[in-house]
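A quick write-up on the structure given underneath.
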Amino acid sequence: MTDETPSYSGPERVFSGVQPTGNLHLGNYLGALVKFVRLQDTHDCIFCVVDQHAITVDLNHGPGALMDQTRQIAAAFLAAGVDPDKAIVFAQSSVRAHSELTWYFNCVARMGWLERMTQFKEKAGKDKERASVGIFDYPVLQAADILVYKATHVPVGEDQKQHLELSRDIADRFNREFDAPGFFPLPEPLIQGPGARIMSLKDGFKKMSKSDPSDLSRINLTDDADTMARKIKKAKTDPEPLPATVDELQDRVEARNLVGIYAALAGKTDQDVLDEFGGQGFGAFKPALSEVVVESLAPVTQSYKDWLADPAAIDAVLAKGAEKADEIAAPVIAEVRDIIGFWRKS
Ligand code: TYM
């Protein structure tokens with residue numbers, strides 16, 4: 001791109017999505033939901049339950065199950081503090097422009113770009129021949145999610161960094177191929193800050209994940225206080241006491257993760273936590289960590305249960321959100337059709 005190429009000059013807008021697959025955990029909460037709540041006060045925000053992404057792995061969730069999971073994720077957004085009067089909350093499948101833009105982006109994205117996606121390699125496993133085309137195309141749908149709203153900022157955990165880079169590549173290539181400089185913004189990931197990469201409680205080299213077979217590896221937003229405390233008690237650590245400085249944590253992945261969780265929830269830095277607990281063993285630190293985790297998550301867990309007890313209220317939020325999202329996406333997709341040059345009734 002030359003310096004003279006006009007760049008996007010539209011308004012700032014935030015978009016992010018969460019898949020309705022399994023329980024949300026502390027990683028989703030700190031890596032995404034907490035950021036959503038913070039951003040809704042300063043930006044136009046759109047938060048989406050990406051139910052079309054959820055069928056790339058498990059096609060048949062059972063009768064009504066996908067819809068229930070979608071409601072559960074919407075309930076988790078609301079319980080974490082997303083305010084539907086400030087931010088748009090909706091289900092991806094209710095705005096058809098996502099699928100339409102995905103097709104156009106399929107023709108913009110290159111096979112080589114998608115083949116490099118590490119999440120595809122992880123999810124498809126060894127037997128790529130049997131993976132769905134949808135799981136391969138997953139990041140293109142993600143790019144369409146973001147760009148159909150011309151979103152400029154995307155709060156996500158670190159695991160989504162590569163997908164965001166792909167979204168930027170697709171936006172840039174679309175703008176150039178169709179001679180529409182600055183039409184799509186090049187969306188920026190908002191990853192920094194505590195909680196961007198919460199690791200498994202059982203293995204400090206693996207991220208905390210919904211798909212880990214061991215439930216002890218993660219704190220679920222649905223866990224009760226005793227379960228949370230038990231999981232922290234059983235979390236893997238090393239025999240050394242906590243050090244005095246962050247540098248000394250570098251090679252102690254499990255200790256670093258627990259200190260990071262404490263810091264993120266208490267609104268402190270890792271160094272603040274070490275100033276308080278340096279020199280102490282995990283016998284002292286783990287109970288303090290349990291207290292912070294339980295205290296921070298208890299109101300969220302309670303509100304989550306309250307929302308789930310009222311599915312009609314969740315549906316009302318999703319219906320209003322779908323309408324507002326569609327209002328933003330419809331003119332963008334109309335313009336895309338014109339830019340590409342499809343026939344339209346004059
Ligand atoms: P998903 O549903 O796997 O995760 C939702 C959000 O949680 C973050 N996250 C974590 N953050 C910190 N530590 C962890 N251990 C951890 N695990 C998950 C994820 O980074 C994410 O922000 N592809 C996306 C969904 C998506 C999307 C989008 C996101 C679809 N379209 C458009 C942004 C914009 C995903 O699978 O997230």
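The values are calculated or read from the model by the stated rules, or taken from the named source; none is laboratory data. Computed from a predicted model, the values in this text were never measured in an experiment. Don't worry about glycine lacking a Cβ; one is built from the backbone with ideal geometry, like all the others, and counts go over all protein chains shown.
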- Query: Between residues in segment 24-53 that are free of Cβ contacts under 8 Å to residues at least 12 places away in the same chain and residues that are β-branched (Val, Ile, Thr) and surrounded by fewer than 20 Cβ atoms within 10 Å (Cβ to Cβ), which pairs lie under 6 Å by C-beta distance while being six or more apart or on different chains?
  - Reply: none
- Task: Taking residue 59 as meeting all but one of (1) surrounded by fewer than 21 Cβ atoms within 10 Å (Cβ to Cβ); (2) touching a residue at least 60 places away in the same chain (Cβ under 8 Å); (3) within 16 Å of the ligand (Cβ to nearest atom), write down the number of the exception.
- Result: (3)
- Every residue from segment 320-346 that is without any contact (Cβ under 8 Å) to a residue 60 or more places away in the chain and not polar (S, T, N, Q): 323, 327, 331, 334, 337, 338, 341, 342, 343, 344, 345
- Item | Flag for residue 109 being within 25 Å of residue 329 (Cβ to Cβ), more than 12 Å from the ligand (Cβ to nearest atom) and at pLDDT 95 or above | yes
- Item | Criterion (farther than 15 Å from residue 14 by Cβ, surrounded by fewer than 18 Cβ atoms within 10 Å (Cβ to Cβ) and not small (Gly, Ala, Ser)) met by exactly one of 173, 168 | 173
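Yes/no matrix, rows are residues, columns are (1) within 16 Å of the ligand (Cβ to nearest atom); (2) in contact with a strand residue (DSSP E or B) (Cβ under 6 Å, 6 or more places away or on another chain); (3) under 30 Å from residue 108 (Cα atoms); (4) at pLDDT below 95:
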residue	(1), (2), (3), (4)
190	yes, yes, yes, no
198	yes, no, no, no
218	yes, yes, no, no
226	no, no, no, no
231	yes, no, no, no
241	no, no, no, no
246	no, no, no, no
- Within segment 1-32, how many residues are of a type in the set (Phe, Trp, Tyr) and within 14 Å of the ligand (Cβ to nearest atom)? 2
- Search segment 33-56 for residues being within 14 Å of residue 318 (Cβ to Cβ) and not in a helix (DSSP H, G or I), and hand back the single one that is nearest to the ligand (Cβ to nearest atom). 50
- Given (1) more than 21 Å from the chain's Cα centre (by Cα); (2) surrounded by 15 or more Cβ atoms within 10 Å (Cβ to Cβ), number of the condition residue 186 does not satisfy: (1)
- Please state which of the following conditions residue 179 fails to meet, knowing it meets all the rest: (1) farther than 19 Å from residue 39 by Cβ; (2) surrounded by 14 or more Cβ atoms within 10 Å (Cβ to Cβ); (3) among the charged types (D, E, K, R). (2)
